[in-house]
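Participant: One structure coming up, written as structure tokens, with questions to follow.
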Amino acid sequence: MALPVVKGTLDVLVLKALTWQPMHGFEVTAWLEARSGRRLALEDAALYQSLYRMEKKGLVKAEWGVTEHNRRARYYQLTPAGREQLRQQVSDWLQYADTVTAILTDPSPAR
Amino acid sequence: MPLLRPGIRKLLRLDNGREVDDEIALHLELRLDALMRQGLSRHDAAQEAKRLFAASDATMQALRSTAQARDTSMHFRERWEWVLQDTRYAARRLLREPLVTGFMLLTLSLGIGANVTAFSLVDRILVRGPEHVTAADELSRVYIRTEGPPLGDRTMAWIPYPIYDGLRQQVRGASAMGAYRVTDVMIGKGADARPQRIGAADGGFFPMLGARPVLGRFFTPADEIEGSTPLAVLSEAVWRNSFGADPAVIGKPYVVGDVIHTIVGVAPAGFSGAALTRVDAWTLITAQAKKSNNWFVIVRRRPGVDLPALAAEVEAVHRRTPTTAQKWAQEAKLLAAPISYDETARPSLESVLAGWLGAISVIILLITSANLVNLQLARLARRQQELGVRVALGAGRGRVVRLLILEGVLLAMIAGAGSLLVAQVTEPIIRRVLFLDAGWSATVVNGQVLLAVGVITLLTAIVIGVIPAWRAGNTALTAAVISGARGSRSGSRLRPALTVVQAALSVLLLVGAGLFLRSLAEVRAVDLGMDAEQVLVADVQFPKVPGYPFAPGALQEQALRDRARHRQLLEAVRREPGVEHAALAIGLPFLSSFGVGMWVAGLDSIPQLPGGGPYIAAVSTDYFSAMGTALRRGRVFTDQDREGSEPVVVVGETMAARLWPKGDALAQCITLFEQTAPCMRVVGVVADVHQSGLQEEASLQYYVPIGQERGFSGMSLILRSAEGSTLSWPAVRSAIARADASVEAIDLKLLASSLDGEMRPIRLGILTFGWSGALALVVAALGLYSVMAYTVAWRTREIGIRMALGATERSVARLVVGTSAGLAAVGIVIGLGLAYAGRTMIEAHLFNVSGRDPVVFGAVAAVILGVALLAPWLPARHAARIRPTEALRAE
């Protein structure tokens, strides 16, 4: 059963993917699917929306390149601003997750 | 072949949708491949790929619009980063030469500042009109035009009240009407009394203007009730200075003349009614004043009614409405003009002056800009190599041009901000020096001024940025790199052209100054028949007798007392140090004139001369010496000529010649006041004296001794200082106050001050054109100097060769000076042409001088030529010292 992606986390996942190397859209999709073991329900269109928005904000930048099979593709890479954003969001996300986890796993009974 | 070039497609962002489609198509294809590798059939794989993508027309549309927003924003950011980067670069360049940059900023700030000041004055005077008046362009002033006797042909703004009353009730094109007048009234008592400008207004005046009081209220038509108490409205300045800005001032008394007024309101600061000159307080029209002929009438036109339509209706109403006005007024024509016009229905001096200032400030900015372009070009020549390297390194010519434009814009913008400061400082000074009694308050930085600064700055930026940039773009920059030369001939034609412009504009301004200077000389050459500059007039007020002026005999009683007291005063002030002559007079040139009945034996009627008259004055002994009026024949009055002695007269030259053409005026006699009176013997003939101004026609003038006059009164004390000295006014005041403790008020003025109105345009012309002309001359001289210095520097080699070939130091110097003189000559020709074309702007305000006066034109040409010969002195010396060997080795 695929899990829906929590709103707002798609951006940080895409940024994380791009830390490895510049990728085109499908490569990002494939990377995320491989990493999640296909457990995330991710619409491909949403991924592109995320890429375009982050490009507008200057978190990623893009240029046209050629794939290994000689196909014209748009490659995305992190900008310094994007890298900083990722660092910040990862830290926020982990704190958030810790807090939520701590509450949910508290043994005292709920009233 | 594509319909649109790729560049344009990109500009219109038509490619954006296709790029998104390409990207998504690749995605779907790669997904399809991956799915087929997992064993799905092509058909199933295609379905699955679409499902995973959530592909639909709606999502595709959403993706495209997101991409569009992304591209727009990135495009903008990219531009902005370029601008920032280039601005930083331009700023660094300007900072590298702080002296030159500072000089440029200073001159530019002054140039733009002058324009801002002129703009605010033009805006106030010509556009917005008097302060606190709503929609001043809807207001018109009514004028009356008379032809023939008794007033001669003239147009006046003085309207008899009965005529105004008729208009007020009938003119339909007017939404409101008001009447006012302003007079100088002595406020205060004794030696401390000072003249104040007191306005009188009817109840319709304030509502018509649409102004709001800061305290209390203004007059309304309902205030004009017979027998009501006199009311006053204070100006903000009087409220502040005389009443300490007391908020409880309403209801307090304010004394004007002998009348106690009740204060009902305070006008806002800068309020000056329907005119631009200061008014200290306003009083409500009195029933008595409604009999007066002298009211300014202002009309507010209804929307859609233009000035000619209003003027026509005003005249039509006047024609069909019988009033109680005198016959001449009833027969006169009425007309209307904008409120910025003066009392004779011509554009007021203030509006003319505003026009001059506007034109002059534009010229100054042009000269300043020419100078800065010149400086920028000189810098450009020095930087040519650097710029060439930049181009060679791939900066692109466009970028170099952009950098130069940015430098200009940066300079202009900083100077634009500085100009606000300059305007803030200069505006009050100009107001005080040029605009006498300006009523409006100082300009603060408002939206309009900021807009003007913005526009002027933008234009300046274009001039000083784009011209050098255009030059740079045209110059073969790469050549500079390849040759490693000291610079090619960049701007070698443009810079002399700029110098010619500067010379021409200087000529223009100097011709203006010269014409006004000649006018001043012409004014000084006018023989007024007296020394008006030397004569001080003291009007002294004594207490009034009980019941004055209406009780029986009160007028005569007052006249007798005044005469006796004036005679005592005369004896006292005569002994004051510095007073050379002192006399008494009833009736003075420029100030007051009288006419009485006159009969001459052998003449059916007294000739009517164009200058008016006959004018009578009653004067004491020593009057003619005090006035500086020359005795032609016979004698002047002595102490024996007084009441009761033999009746005698002294006549003016023209009167003697016109009444007795045979030249036997002496020993003739004339009958005055009434036909049965004893004949008065002519004992002397004196020079004619101007009665109303600088320019006037001859008139009949005569004098009787004080004591022998009848039917006119109003005595003045006149004092003449010793030649070359002036009387101290405070000393005169205290001498009068000491001599008679009962004196209530003393009003002092120079007789010549009556000519101020006629002198003012000339003085203002000298001031404005003179200063700006001198400034322009200095700038033009600097321009000539720098161009010649530059020319000598880059022609060093050529001059060296010339000298090697036998040219003398003299001939080389002559070459340099000759070039400078040639430039100036072109400038002079253009400048004189401009002056000739523009002479109508000032011609009406010159005195006895033509707007194309050859003396002035010639003198200005000579001055500029002289400067052109002197300015290149240093460069010429430099050139003459060039040694061929060094010059050639230097290459």
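The values are calculated or read from the model by the stated rules, or taken from the named source; none is laboratory data. Since this is a predicted model, take the numbers as computed values, not measurements. Note that each Cβ is placed from the backbone with ideal geometry, even for glycine, and that neighbours are counted across all protein chains shown. Protein only, heavy atoms only, side chains kept; ligands, DNA and RNA dropped before computing areas. Shrake-Rupley method; radii C 1.70, N 1.55, O 1.52, S 1.80 Å.
Participant: Could you please let me know if residue A:69 is open to solvent by 80 Å² or more (accessible area, probe 1.4 Å) and within 14 Å of chain B (Cβ to nearest Cβ)?
Facilitator: Yes: the conditions hold for residue A:69.
Participant: Also: Could you please let me know if residue B:277 is polar (S, T, N, Q) and more than 30 Å from the chain's Cα centre (by Cα)?
Facilitator: On the way: polar (S, T, N, Q): yes; more than 30 Å from the chain's Cα centre (by Cα): no.
No; evaluated as a whole, the condition is false for this residue.
Participant: Same structure, new question: Tell me yes or no: at least one residue of the range B:601-608 is part of a loop (DSSP other than H, G, I, E, B) and modelled with pLDDT of 85 or more.
Facilitator: no
Residue by residue, here is whether (1) on the phi > 0 side of the Ramachandran plot; (2) assigned to a helix (DSSP H, G or I); (3) within 13 Å of chain B (Cβ to nearest Cβ) holds:
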{"site": "A:7", "(1), (2), (3)": "no, no, no"}
{"site": "A:10", "(1), (2), (3)": "no, yes, no"}
{"site": "A:16", "(1), (2), (3)": "no, yes, no"}
{"site": "A:28", "(1), (2), (3)": "no, yes, yes"}
{"site": "A:34", "(1), (2), (3)": "no, yes, yes"}
{"site": "A:38", "(1), (2), (3)": "yes, no, yes"}
{"site": "A:50", "(1), (2), (3)": "no, yes, yes"}
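Participant: Any chance you could count how many residues in the range B:523-551 are outside any strand (DSSP E or B), in contact (Cβ under 8 Å) with a residue 24 or more places away in the chain and among the hydrophobic types (A, V, I, L, M, F, W, C)?
Facilitator: Residues that pass the stated criteria total 6.
Participant: Considering each residue of the range B:207-257, count those that are of a type in the set (Asp, Glu), in contact (Cβ under 8 Å) with a residue 60 or more places away in the chain and not in a helix (DSSP H, G or I), and give that number.
Facilitator: Matching residues across the range B:207-257 total 2.
Participant: Given the condition within 30 Å of residue B:674 (Cα to Cα), touching a residue at least 60 places away in the same chain (Cβ under 8 Å), open to solvent by less than 40 Å² (accessible area, probe 1.4 Å) and among the basic types (Lys, Arg), answer yes or no: does some residue in the range B:552-567 qualify?
Facilitator: Checked against the condition, which is being within 30 Å of residue B:674 (Cα to Cα), touching a residue at least 60 places away in the same chain (Cβ under 8 Å), open to solvent by less than 40 Å² (accessible area, probe 1.4 Å) and among the basic types (Lys, Arg), the range B:552-567 yields at least one hit.
Participant: Still on this structure, please answer the following. If I go through the range A:90-103 residue by residue, how many of them are modelled with pLDDT under 90 and over 19 Å from residue A:11 (Cβ atoms)?
Facilitator: Of the residues in the range A:90-103, 0 are modelled with pLDDT under 90 and over 19 Å from residue A:11 (Cβ atoms).
Participant: Do we find a residue being surrounded by 11 or more Cβ atoms within 10 Å (Cβ to Cβ) and within 13 Å of chain B (Cβ to nearest Cβ) anywhere in the range A:79-87?
Facilitator: Keep residues of the range A:79-87 that are surrounded by 11 or more Cβ atoms within 10 Å (Cβ to Cβ), which gives A:79, A:81-87.
Right, trim to within 13 Å of chain B (Cβ to nearest Cβ) and you get A:79, A:81.
Checking the range A:79-87: at least one residue is surrounded by 11 or more Cβ atoms within 10 Å (Cβ to Cβ) and within 13 Å of chain B (Cβ to nearest Cβ).
Participant: Now, a different point. For the range B:599-648: of the residues being open to solvent by less than 40 Å² (accessible area, probe 1.4 Å) and over 49 Å from the mean Cα position of the chain (by Cα), which is farthest from residue B:568 (Cα to Cα)?
Facilitator: The selected residue is B:600.
Participant: If you take the residues of the range B:42-72 that are surrounded by fewer than 18 Cβ atoms within 10 Å (Cβ to Cβ) and within 60 Å of the chain's Cα centre (by Cα), which of them is nearest to residue A:53 (Cα to Cα)?
Facilitator: B:69
Participant: A further question on this structure: Of all residues in the range B:279-296, count the ones that are of a type in the set (Gly, Ala, Ser) and surrounded by fewer than 16 Cβ atoms within 10 Å (Cβ to Cβ).
Facilitator: 1
Participant: Taking the range B:578-596 as the region of interest, how many residues are out of contact with any helix residue (DSSP H, G or I) (no Cβ under 7 Å at 6 or more places or on another chain), open to solvent by 30 Å² or more (accessible area, probe 1.4 Å), touching a residue at least 40 places away in the same chain (Cβ under 8 Å) and not charged (D, E, K, R)?
Facilitator: The total comes to 5.
Participant: Under 9 Å between Cβ atoms, which residue pairs at least 6 apart in sequence (or on different chains) link something in the range B:635-657 that is over 17 Å from residue B:702 (Cβ atoms) with a partner that is open to solvent by less than 80 Å² (accessible area, probe 1.4 Å) and among the basic types (Lys, Arg)?
Facilitator: B:643/B:563
Participant: Can you tell me which residue among B:93, B:141, B:124 is away from chain A (no Cβ under 14 Å), touching a residue at least 12 places away in the same chain (Cβ under 8 Å) and not in a helix (DSSP H, G or I)?
Facilitator: Going through B:93, B:141, B:124 in turn, the sole match is B:141.
Participant: Next up: Quick one: how many residues across the range B:794-827 are open to solvent by less than 70 Å² (accessible area, probe 1.4 Å), assigned to a loop (DSSP other than H, G, I, E, B), farther than 20 Å from residue B:498 by Cα and of a type outside the set (Gly, Ala, Ser)?
Facilitator: 0
Participant: Quick one: which helices (runs of 4 or more DSSP H) sit completely within the range B:828-891 and have at least 3 residues that are modelled with pLDDT of 85 or more?
Facilitator: B:854-870
Participant: In the list B:734, B:721, B:742, which residue meets the criterion of being open to solvent by less than 40 Å² (accessible area, probe 1.4 Å), out of contact with any Leu (no Cβ under 9 Å at 6 or more places or on another chain) and at pLDDT 80 or above?
Facilitator: Answer to the check: B:742.
Participant: Test each condition in (1) more than 10 Å from chain A (Cβ to nearest Cβ); (2) surrounded by fewer than 17 Cβ atoms within 10 Å (Cβ to Cβ) for residue B:33 and report the one that comes out false.
Facilitator: (1)
Participant: Please verify whether the range B:48-56 includes one or more residues that are at pLDDT 85 or above and over 22 Å from residue A:40 (Cα atoms). If you could, list the steps in order and put the result at the bottom.
Facilitator: Taking the range B:48-56 and keeping what is at pLDDT 85 or above, we get B:48-53.
Now drop any that are not over 22 Å from residue A:40 (Cα atoms), which leaves none.
Looking for residues that are at pLDDT 85 or above and over 22 Å from residue A:40 (Cα atoms), one finds none in the range B:48-56, hence no.
Participant: Within the range B:79-96, can one find any residue that is in contact with a Leu (Cβ under 7 Å, 6 or more places away or on another chain), charged (D, E, K, R) and farther than 27 Å from residue B:353 by Cβ?
Facilitator: Scanning the range B:79-96 turns up at least one residue that is in contact with a Leu (Cβ under 7 Å, 6 or more places away or on another chain), charged (D, E, K, R) and farther than 27 Å from residue B:353 by Cβ.
Participant: Given the condition among the acidic types (Asp, Glu), more than 9 Å from every other protein chain (Cβ to nearest Cβ) and outside any helix (DSSP H, G or I), answer yes or no: does some residue in the range A:98-105 qualify?
Facilitator: No.
Participant: Being at the interface with chain A (Cβ under 9 Å from one of its Cβ atoms) and open to solvent by 60 Å² or more (accessible area, probe 1.4 Å), is that true of even one residue in the range B:75-88?
Facilitator: Yes, the range B:75-88 contains at least one residue that is at the interface with chain A (Cβ under 9 Å from one of its Cβ atoms) and open to solvent by 60 Å² or more (accessible area, probe 1.4 Å).
Participant: In addition: Taking the conditions exactly as written (open to solvent by 40 Å² or more (accessible area, probe 1.4 Å) and of a type in the set (S, T, N, Q)), does residue B:371 satisfy them or not?
Facilitator: Here the answer is no, as residue B:371 does not meet what is asked.
Participant: Could you grab me the full set of residues in the range A:54-65 that are facing chain B (nearest Cβ under 7 Å) and closer than 12 Å to residue A:15 by Cα? Spell out how you get there, then give the answer.
Facilitator: Just the residues of the range A:54-65 that are facing chain B (nearest Cβ under 7 Å), to begin with: A:55-56.
The one that is facing chain B (nearest Cβ under 7 Å) and closer than 12 Å to residue A:15 by Cα: A:55.
Participant: Can you tell me which condition residue B:838 does not meet? The list is (1) within 30 Å of residue B:767 (Cα to Cα); (2) surrounded by 16 or more Cβ atoms within 10 Å (Cβ to Cβ), and all the others hold.
Facilitator: (2)
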